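Below is one structure; the comments refer to it alone.
The values are calculated or read from the model by the stated rules, or taken from the named source; none is laboratory data. Treat the numbers as computed from the prediction; the structure is a model and nothing was measured. Note that each Cβ is placed from the backbone with ideal geometry, even for glycine, and that neighbours are counted across all protein chains shown. Please note that ligands, DNA and RNA were not included when accessible areas were found on the heavy atoms of the full protein model with its side chains. Shrake-Rupley method; radii C 1.70, N 1.55, O 1.52, S 1.80 Å.
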Amino acid sequence: MSQGQQIPPWLQEQLMKLQQSQQNLQSIMAQKQQLDMEQVESDRALEELKKAADTDPVYKHAGTILIKSTKTALIAELEEKKELANTRITVLAKQETRIKESIKEQETKINEMIHGSQKPPSQ
């Protein structure tokens, strides 16, 4: 396309779809990173809990306060939290794969549009 020539509306639409897919991918990757950090935190807490004696007092965060709990209850809670995070990470990984494939297809389609006949594809 020469300078000063406007991007055709059909191409603008495809570019907007591509940009939206890229933003979705970034969001998914940020969510996965957050879940990974939560898992590392849970692993550290589990390690420390397992070092504690069964009779040692243990506490958990509840907002801005600490609440006394039992070692067994906290271990079960942390393991459940980890399991839930693993499930969410698996779902996000599948979404990430689908979006990456979609982005590749969109990029190919845009390149074909730009280098092809410069006309919108027939629907």
What are the pairs with Cβ atoms under 6 angstrom where one residue, in the range 28-56, is farther than 14 Å from Glu77 by Cβ and the other, located anywhere, is open to solvent by 100 Å² or more (accessible area, probe 1.4 Å)? Sequence gap at least six, or different chains.
Leu35/Arg88
For Leu66, work out the one condition from (1) modelled with pLDDT under 95; (2) open to solvent by 80 Å² or more (accessible area, probe 1.4 Å); (3) not in a helix (DSSP H, G or I) it doesn't fulfil.
(1)
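Each row is one residue, and each column tells you yes or no for (1) out of contact with any Cys (no Cβ under 6 Å at 6 or more places or on another chain); (2) surrounded by fewer than 14 Cβ atoms within 10 Å (Cβ to Cβ); (3) acidic (Asp, Glu); (4) part of a loop (DSSP other than H, G, I, E, B).
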position	(1), (2), (3), (4)
Thr72	yes, yes, no, no
Glu83	yes, yes, yes, no
Ala93	yes, yes, no, no
Thr97	yes, yes, no, no
Ser102	yes, no, no, no
Given (1) modelled with pLDDT under 95; (2) part of a helix (DSSP H, G or I), number of the condition His61 does not satisfy:
(2)
Could you please find all residues in the range 1-35 being in contact with a helix residue (DSSP H, G or I) (Cβ under 9 Å, 6 or more places away or on another chain), outside any loop (DSSP other than H, G, I, E, B) and open to solvent by less than 70 Å² (accessible area, probe 1.4 Å)?
Trp10, Leu11, Gln14, Leu15, Leu18, Ser21, Leu25, Ile28, Lys32, Leu35
